[in-house]
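Undergrad: Let me give you the structure first, and then I'll get to my questions.
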Amino acid sequence: MYVATNRPSHGRPTISSRAYRRTRNLWLSLALSSFAVGCVPSQQAAFSPIKSQVAQRTGFEVKWSHRGADDPRVRAAIDAMLAETLTADRAVKIALVNNQGLQAEFESVGISLADVASASVLSNPEIDAELRIPLTGSGNSVDLSGMQNVLDLFALPGRRNAAMAALNVERARATGAVVDLVAEVRAATYRAQADQQLLELRRTTVDSTGASLELTKRLHEAGNITDLALAQDLLLFNESKLDLARAEVHVATSREHVNALLGLSGADTNWSVETRLADLPEMLVATGNLEGEAVDSSINLQGERWQMKAAAARIGVAQLQAWLPRFGVGVASERESSGDWAVGPAVTLGIPIFDRKQGARARGHAELRQAQKRYIAEGVHVRADARAITATIKEARARALYLRNTILPLRQRVLNETLKHYNAMSTSPFELLEAKRSLVDSGAEYVESLYDYWTANAGVLRVKAGRMSGATMQEDRPMPSDGDEGGE
Amino acid sequence: MREANNHDYNFEPDGDKTMRRRDLIKVGAAAAGGAVLIAGAKNAEAKRWNSSYSGGSPKVKAKSPGLPNKHYRPVITPNGQTLPFKIVDGVKVFHLIAGEMQHEFVEGLTATCWGYNGKVNATTIEAYEGERIRIYVTNKLEAPTSVHWHGLYLPNGMDGVSAVTQAPIPPGKTFKYEWTLRQSGTYMYHSHYDTMTQEGMGLIGMFIVHPRKPSADHKVDRDFVIMLSEWQIDVGASRPNTLAMSGFNILTMNGRAYPGTAPLVVKTGERVRIRFGNLSAMDHHPIHLHGYNFKITATDGEKIPDSAQWPETTVLMAVGQTRDIEFVADAPGDWIMHCHMTHHIMNQMGHEFPNMVGVKPGDLNQKIGKLVPGYMTMGQTGMAGMAQMGMTVPDNSVPMKGTKGPFGYHGAGGMFTIVKVRDKLSSYDDPGWYKHPPGTVASEAPAAEMLRDGINV
């Protein structure tokens, strides 16, 4: 802005050096302040805590890629992983670079980052100019003033803190989205593996009912059994084919779930999954202090803490504004009609008579209380979830072990003994094939138990990584069959 | 005119009521003579009836005890034993001990059964007509028991029917039975407490009473005793199921199933008696002897008069009966003797198997074998040879077990034995398979002979 000066005798206008220095310093400090407080983290710097948190919590690397699969390096990485058999970890790596829903979550961080930028700058100074042309007489008068809202200087840290807290909330949410995606991809991959295994078992069942039908047909051709017996075996065979069809659909849908999570389509969907779920590990994953770990690492609780900080910061800003709604300093100058300039400081002060930011303060306090209560509620939920997933994984492991170590060996033993009885001709080949099908059914039950174990394991890892497993959500429990009611 | 018969000793002449005097006199004379005759006949028939249908007075004085090989030729119980005795003050004293034991029906099948003196079905009591016997029965079972002497005349209180004629013998206790024998023949003894269970578990045996005054044709050269019975032992199990009413899958002679039955070894020309008893739970057994036509000489301990003896090749043994058959073993060879119910000469034949006769297996072995390794389709041509295939069967089972015969695998089992008649014997031990004289064995017909005889195939 132009500052009028007293022109020195040499023609160049001069001002008193003290006044000049004061004015100059004032503007300089304002400019510097704007630079100082307007220091906004870069996109990568804003994302870096997310990256390190994800690595620490999950062991996986995550990237915020604007180009996604259009990035040749990303494309090459995806191709290399799809060329191999899909395991749970490999699927997670693909999802972390290729799931555009996750990338969209990261853009929320960018949005918050923009808010930080906005909250980190002073409001613009204002220049006010007036020209008054006398209607009578001569000599125009000019009023020239410049104002800077100095209140920003005091409110800006609070605003920035609130914006940074909100950024951290978004960072927490984004980190949580990664952890959730990791767990979901693992569960989806396990489901695809289990369904593939179950499909093989159902094929074995069809082979068994088919062999039984073949024998029945030959007995019928020889005139040794009735039409009824043949019809019964035809029914058994065809019902097993129905089960096979269902198993095939399950494989297709579980594959598509994986495709959706991994962001795959077209030729990329022709991957093959590791056909068998991994055996139970020697030791159960540590769950002794899972409740404590869950609370310590909870991203949700972290987010709620940031929410409380943001709310507190906003209260601070509102409280400042309540007492000092407006405070501006500047320079006012006037050229009188005589041509003489007068210049001097200007101050603007808002008087808190009517609007003392009652609404904003009340809102801030309510938001703070809300955040506090959500924090407490979240804490209860986090603890309950940790206990629930602990119980779930223990039961799943015990059930899988029981099926593997007790039931399956007994089923095999029944089959072996039935073969001996068949050899002794004291039992029929139909009972032999039925014993085989019972073994297959127990095998299917074991596959499901392994799936339950590994998804529970993914749930535990999810809890350790800071998110809830969802184990407290009650699934629909099957009603007892008619045969269980009243007995026969 | 009513027919005279053994039961009707009130016979009276019938005829025209209008008679002439001559006729009357004739009738009178005839009547007088007839009356004398009739009176004599009535006395004779009364005596014969009494002796035939009564055990006589129970107050009979005991006679001296008989000793084997001195007073009688002992019987042979194949796979069994004769209960030893001692003479105490002129009384023949036996000690029968009922207990639980492991019993081998045939090699490969052993079960927990109940029996007497360490044998199941095969402890024969031998006594002598007229002697007094005293039988101590010790109960080493965990259940009470008693012993009924099947077919024997004795005081009612010695009849052995638990809760009716005596109290049951508690576990661990010894009861005493004693009476004087006043008959001879083939009888049996068995538990009469919870008979379904205890007979079914094996508490049965033969009781032979030799005659004090045998008839001239009583003497035989070989006198065998065979107790018939049946069992249901599930394949792989080791205890009989005494609840079974049908589906008996182990049939025995003296508690053994063929090929576990000892042969009846006889020298050519010897006179043979076989005494059968049947205490099976539910089934009668028609026992058929190959190569001979025998006579049934006694039923339930009573001799059949010679003129009434029934010639048979098969004697039907109803449950609860004894029958003596006799023949002269004049044809050498291995003559099989077996129950003619076809299911009774197979060991542990399963009835849950489908009827596979005539089924063409096709690729069944491959289809089912892929699912159950070791599977093989069976039964398309019948049951023969199943046991010799060497397939793994449940432990302690003998499904369709037979034995190797001189001309191949012999799949028979169960209620089956062989009467081995030999011209020369150094002992009565099993002489092995019969060596047929040349030209006496059925074999493939020579083409030239078929042509000669106009046989076109």
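Undergrad: If you restrict to DSSP beta bridges whose two residues both lie in chain B, what percentage is antiparallel, to the nearest 5?
TA: The antiparallel fraction comes to roughly 70 percent.
Undergrad: Hey, another quick one. Determine the sum of side-chain charges near B:VAL457: Lys and Arg each +1, Asp and Glu each -1, restricted to other residues whose C-beta is under 15 angstrom from that of B:VAL457.
TA: Spelling it out: positives minus negatives among the neighbours equals -2.
Undergrad: Then there is this: The stretch A:230-317: percent of C-alpha pairs farther apart than 17 Å?
TA: 76
Undergrad: Could you work out, residue by residue across B:235-241, how many beta carbons of other chains sit within 10 Å of that residue's beta carbon, and then give the average as an integer?
TA: So the per-residue partner count for this stretch is 2.
Undergrad: Rounded to the nearest 500 deg cm²/dmol, what is the calculated helix-only ellipticity per residue at 222 nm for chain B, with -39500 (n - 2.57) per DSSP H run of length n ≥ 4?
TA: -4000 deg cm²/dmol
Undergrad: So, by mean Cβ neighbours within 10 angstrom, what's the order for A:200-212, B:201-213 with the highest one leading?
TA: Most protected by this proxy first, the peptides run B:201-213, A:200-212.
Undergrad: Oh, and also: Provide the solvent-accessible area of B:LYS401, counting protein heavy atoms only and rolling a 1.4 Å probe, rounded to the nearest 10 Å².
TA: 50
Undergrad: A further question follows. Quick check for me: using +1 on Lys/Arg Cβ and -1 on Asp/Glu Cβ, what's the dipole size of chain A about its Cα centre, in debye to the nearest 20? Mind showing how you got there, number by number?
TA: On the way: 56 positive and 57 negative charges, 624 e Å.
It works out to roughly 3000 debye.
Undergrad: What is the angle, in °, between the Cα long axis of helix B:21-53 and the longest principal axis of the Cα atoms in chain B? Nearest 10 is fine, range 0 to 90.
TA: 50
Undergrad: Using the charge dipole of the stretch B:309-401 (Lys, Arg: +1 at Cβ; Asp, Glu: -1 at Cβ; taken about the Cα centre), state which of B:VAL359, B:PRO394, B:GLY379 has its Cα farthest towards the positive end.
TA: Checked the options; the winner is B:VAL359.
Undergrad: If you take every residue apart from A:ARG383 with its C-beta less than 12 Å away from the C-beta of A:ARG383, what net charge results, scoring Lys and Arg +1 and Asp and Glu -1?
TA: Here the charged neighbours net out to -4.
Undergrad: At a 10 angstrom cut-off on C-beta neighbours, averaged per residue, how do the peptides B:316-329, A:328-341 rank from highest to lowest?
TA: Taking the mean over residues of other Cβ atoms within 10 Å, the ranking is B:316-329, A:328-341.
Undergrad: Run the simple label-point estimate for B:LYS435 and B:ARG452 please: 7 Å along Cα→C-beta, distance reported in nm.
TA: Distance between the two pseudo-spin positions: 2.8 nm.
Undergrad: Sum up the charges of everything whose Cβ sits under 15 Å from the Cβ of A:ALA444, counting Lys and Arg as +1 and Asp and Glu as -1, but leave A:ALA444 out. Please report the intermediate quantities before stating the final value.
TA: Values: positive: A:ARG191, A:ARG202, A:ARG203, A:ARG246, A:ARG276, A:ARG399, A:ARG404, A:ARG411, A:LYS436, A:ARG437; negative: A:ASP195, A:GLU200, A:ASP207, A:ASP243, A:GLU248, A:ASP441, A:GLU445, A:GLU448, A:ASP452.
Cβ neighbours under 15 Å give a net charge of +1.
Undergrad: A further question follows. Classify the stretch B:68-222 as rounded, prolate or oblate from the Cα gyration tensor: take a ≥ b ≥ c as the square roots of its eigenvalues, call it rounded if a/c is under 1.5, otherwise prolate when a/b beats b/c and oblate if not.
TA: The shape class here is oblate.
Undergrad: Give me the percent of the accessible area of the stretch A:104-174 that comes from carbon and sulfur atoms, probe 1.4 Å, all protein chains in place.
TA: 56
Undergrad: Would you tell me the mean number of C-beta atoms belonging to other protein chains that fall within 10 Å of each C-beta in B:398-409, as a whole number?
TA: For peptide B:398-409, the averaged partner shielding equals 1.
Undergrad: Further question: Over 52 Å, how big is the tail of the calculated P(r) for the protein assembly as shown, in percent of all Cα pairs?
TA: 56
Undergrad: About the Cα centre of the protein assembly as shown, what is the dipole size in debye to 20, counting +1 per Lys and Arg Cβ and -1 per Asp and Glu Cβ, all else neutral? Don't jump to the answer; show the numbers that get you there.
TA: Values: 102 positive and 100 negative charges, 473 e Å.
Dipole magnitude for the protein assembly as shown comes out near 2280 debye.
Undergrad: Taking the simple approach of a point 7 Å from Cα along Cα-to-Cβ for both B:VAL91 and A:ARG383, what is their distance in nm?
TA: Reported label-point gap for B:VAL91 and A:ARG383 is 8.9 nm.
Undergrad: Give the accessible surface of chain A per residue, rounded to a whole number of Å², with probe radius 1.4 Å and ligands, DNA and RNA excluded.
TA: Accessible surface, normalised per residue, equals 53 Å².
Undergrad: Another question about this same structure. Nearest 500 deg cm²/dmol is fine: what mean residue ellipticity at 222 nm does chain A get from its DSSP H runs of n ≥ 4 alone, each adding -39,500 (n - 2.57), divided by its residue count?
TA: Estimated from H runs of four or more residues: -23000 deg cm²/dmol.
Undergrad: Set Lys and Arg Cβ to +1 and Asp and Glu Cβ to -1, take the dipole of chain B about its Cα centre, and tell me which of B:VAL319, B:SER307, B:PRO211 lies farthest positive.
TA: B:PRO211
Undergrad: Nearest 100 Å², what total accessible surface is buried between chain B and chain A (probe 1.4 Å)?
TA: 2600
Undergrad: Report the calculated FRET efficiency for A:VAL347 and A:GLN372 (r = Cβ-Cβ distance, R0 = 41 Å), to the nearest 0.05.
TA: 0.55
Undergrad: Need one word for the stretch B:159-219: rounded, prolate or oblate. Basis is the Cα gyration tensor (sqrt eigenvalues a ≥ b ≥ c); a/c below 1.5 gives rounded, then a/b vs b/c decides.
TA: prolate
Undergrad: Using modelled amide H (1.01 Å from N, peptide plane; none on Pro or chain starts), what sits under 5 Å from the amide H of A:GLY263, excluding residues fewer than 5 places away?
TA: For A:GLY263, whose amide H was placed from the backbone, there are no distant partners under 5 Å.
Undergrad: Could you estimate the translational diffusion coefficient of chain A from the Stokes-Einstein equation, with Rh from the Kirkwood formula over C-alpha pairs, at 10 °C and 1.306 mPa s, in whole µm²/s?
TA: 54
Undergrad: Once you average over the residues of B:360-371, how many Cβ atoms of partner chains fall within 10 Å of each Cβ?
TA: For this peptide, the per-residue mean of nearby foreign Cβ atoms is 5.
Undergrad: How high is the relative contact order of the stretch A:268-350? Use alpha-carbon pairs under 8 Å, at least six apart in sequence, and give a whole percent.
TA: So the answer I get is 19 percent.
Undergrad: Another question about this same structure. Find the relative contact order for chain A and round it to a whole percent, using C-alpha pairs within less than 8 Å whose residues are 6+ positions apart. Kindly include the intermediate steps, with their values, before the conclusion.
TA: Details: 640 pairs, mean separation 96.4, N = 488.
Contact order relative to length: 20 percent.
Undergrad: So, one more: How high is the relative contact order of the stretch A:79-170, in percent, with contacts defined as C-alpha pairs under 8 Å that are six or more residues apart?
TA: Result for the stretch A:79-170 is 29 percent.
Undergrad: Continuing with this model, one more query. Is the stretch B:395-457 best put as rounded, prolate or oblate by its Cα gyration tensor, with a ≥ b ≥ c the root eigenvalues, rounded for a/c under 1.5, and otherwise prolate when a/b is larger than b/c, oblate when not? If you can, show how the numbers build up before the last one.
TA: On the way: a/c = 3.79, a/b = 1.52, b/c = 2.50.
Oblate, since a/c reaches 1.5 and b/c is not below a/b.
Undergrad: Then there's this: Using the Karplus curve 6.51 cos²θ - 1.76 cosθ + 1.60 with θ = phi - 60°, what ³J(HN,Hα) values do you get for each residue of the stretch B:251-256, in whole Hz, with x for Gly and Pro?
TA: My calculation for the stretch B:251-256 gives 10, 10, 10, 6, x, 10 Hz in order.
Undergrad: Looking at chain A, do any whole DSSP H helices span at least 30 angstrom along their long axis by alpha carbon and average -0.5 or above on Kyte-Doolittle, and which?
TA: Span-like helices here: A:151-221, A:227-262, A:299-323, A:429-464.
Undergrad: Take each of the peptides B:146-152, A:273-279, average the number of other beta-carbon atoms within 10 Å over its residues, and list them starting from the highest.
TA: Descending packing order for the listed peptides: B:146-152, A:273-279.
Undergrad: Then there is this: Can you tell which of A:LEU199, A:ILE353, A:SER337 lies farthest toward the positive end of the dipole of chain A, using +1 and -1 charges on the Cβ of basic and acidic side chains (Lys, Arg; Asp, Glu)?
TA: A:SER337
Undergrad: Figure the gain on full extension for A:GLU126 and A:ARG363 (residue separation times 0.36 nm, minus the Cα-Cα span) and round it to one decimal in nm.
TA: Numbers: separation 237, 0.36 × 237 = 85.32 nm, distance 3.00 nm.
Net length gain for the segment: 82.3 nm.
Undergrad: If you don't mind, another one. Go through B:LYS59/B:LYS303; B:LYS70/B:LYS295; B:LYS219/B:LYS420; A:LYS217/B:LYS401; B:LYS61/B:LYS86 and tell me which ones have a Cα-Cα distance over 25 Å in this structure.
TA: Too far apart for the 25 Å limit: B:LYS70/B:LYS295; A:LYS217/B:LYS401.
Undergrad: State the antiparallel share, in %, of DSSP beta bridges confined to the protein assembly as shown, rounding to the nearest 5.
TA: Numbers: 95 of 125 bridges.
Beta bridges within the protein assembly as shown, antiparallel portion: roughly 75 percent.
The values are calculated or read from the model by the stated rules, or taken from the named source; none is laboratory data. All of these numbers come straight from a predicted model, not from anything done at the bench. Cβ: placed from backbone, ideal geometry, glycine included. Neighbour counts: every protein chain shown. Keep in mind that these areas ignore ligands, DNA and RNA; they rest on the heavy atoms of the full protein, side chains included. Shrake-Rupley method; radii C 1.70, N 1.55, O 1.52, S 1.80 Å.
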